[in-house]
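Q: Below is a structure I'd like to ask you about.
The values are calculated or read from the model by the stated rules, or taken from the named source; none is laboratory data. Predicted, not measured: the structure shown is a model, and the values here were computed from it. Backbone-built Cβ (ideal geometry, glycine too); neighbour counts: all protein chains shown.
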Amino acid sequence: AQGLGVSDLRRVSGKLFWQPDSGAQQAIDIRAVWGFCQNDVVYIGCSNGFYRIGLMGSLSHLVVEQTYRDWDPYMYGYPMGGVTRTVLVHQLLDMRTGRFLPFNAGGMDEALQHDQVLSEEFRNLPKKQRNSTEALFRFLRLYNERNPLTFPQ
């Protein structure tokens, strides 16, 4: 609603309006907003909404919703033969590069390239252990301890 404060940016669709010191009201496209902080929690724009960063660090973890179209074999030949599905997906956000990586062994291996010691240790794990959730979270924590997230002053 125009003129009212935004209580939760995650529920806003379309455009936001703000009034700078110059006095002229300006529109901000919500898709252009990288993220925001509310009650000491950081949310970032990803996929089709804003999602909470669960573990913040140089390498951050978040869970996002992804929507995809799936084809129903029983509806073959009909114009709308597909079904839209939404799933929760774990992702890594590499703050150094700004890239989203899958939360799996391949994504972790790519993220650890900035730290040769951890990268070598991760690659020496047996494949089954490397793909375990416990190992992924352990290396996420180790990486963030060795490479703390810093902000320019």
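Q: Of everything in the range 81-98 that's outside any loop (DSSP other than H, G, I, E, B) and more than 18 Å from the chain's Cα centre (by Cα), which residue is surrounded by the fewest Cβ atoms within 10 Å (Cβ to Cβ)? Spell out how you get there, then give the answer.
A: Within the range 81-98, the subset outside any loop (DSSP other than H, G, I, E, B) is 82-94.
Keeping just the survivors that are more than 18 Å from the chain's Cα centre (by Cα) gives 82-85.
Numbers: Gly82: 13, Val83: 11, Thr84: 8, Arg85: 10.
Residue satisfying both the conditions and the ranking: Thr84.
Q: Right, next: Every residue in the range 99-144 that is more than 28 Å from Ser47 (Cα to Cα) and assigned to a helix (DSSP H, G or I), please.
A: Residues satisfying the conditions are Gln116, Val117, Leu118, Ser119, Glu120, Glu121, Phe122, Arg123, Lys127, Lys128, Gln129.
Per-residue answers, yes or no, for (1) in contact with a Lys or Arg (Cβ under 6 Å, 6 or more places away or on another chain); (2) exposed (fewer than 13 other Cβ atoms within 10 Å of the Cβ); (3) modelled with pLDDT of 65 or more; (4) more than 30 Å from Ala105 (Cβ to Cβ):
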site	(1), (2), (3), (4)
Ala1	no, yes, no, yes
Arg11	no, yes, no, yes
Gly14	no, yes, no, yes
Phe36	no, no, yes, yes
Asn39	no, yes, yes, yes
Gly45	no, no, yes, no
Leu62	no, no, yes, no
Tyr78	no, yes, no, yes
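Q: Any chance the range 91-104 includes a residue that's among the β-branched types (Val, Ile, Thr) and at pLDDT below 95? Walk me through it before giving the result.
A: So the first thing to find is which residues in the range 91-104 are among the β-branched types (Val, Ile, Thr), and the list is 97.
Next, only the ones that are at pLDDT below 95 stay: 97.
Yes, some residue in the range 91-104 is among the β-branched types (Val, Ile, Thr) and at pLDDT below 95.
Q: For the range 95-136, enumerate the residues that are closer than 18 Å to Val64 by Cβ and touching a residue at least 24 places away in the same chain (Cβ under 8 Å).
A: Met95, Phe100, Phe103, Asn104, Met108, Ala111, Leu136
Q: With the requirement that a residue be without any contact (Cβ under 8 Å) to a residue 24 or more places away in the chain, of a type outside the set (Phe, Trp, Tyr) and loosely packed, with under 12 Cβ neighbours inside 10 Å, what does the range 137-153 give you?
A: Glu145, Thr150, Pro152, Gln153
Q: Quick check on the range 105-121: of everything there that is in contact with a Lys or Arg (Cβ under 7 Å, 6 or more places away or on another chain) and over 18 Å from Ser132 (Cβ atoms), which residue is modelled with the lowest pLDDT?
A: His114
Q: If you take the residues of the range 16-34 that are within 28 Å of His90 (Cα to Cα) and exposed (fewer than 11 other Cβ atoms within 10 Å of the Cβ), which of them is modelled with the highest pLDDT? Talk me through it step by step, then tell me what you get.
A: Taking the range 16-34 and keeping what is within 28 Å of His90 (Cα to Cα), we get 29-34.
Next, only the ones that are exposed (fewer than 11 other Cβ atoms within 10 Å of the Cβ) stay: 29, 31-32, 34.
Values: Asp29: 77, Arg31: 75, Ala32: 78, Trp34: 83.
If we take residues in the range 16-34 being within 28 Å of His90 (Cα to Cα) and exposed (fewer than 11 other Cβ atoms within 10 Å of the Cβ), then Trp34 is modelled with the highest pLDDT.
Q: Then there's this: In the range 113-153, how many residues are under 11 Å from Leu59 (Cα atoms) and of a type in the set (Ser, Thr, Tyr)?
A: Final tally of qualifying residues: 1.
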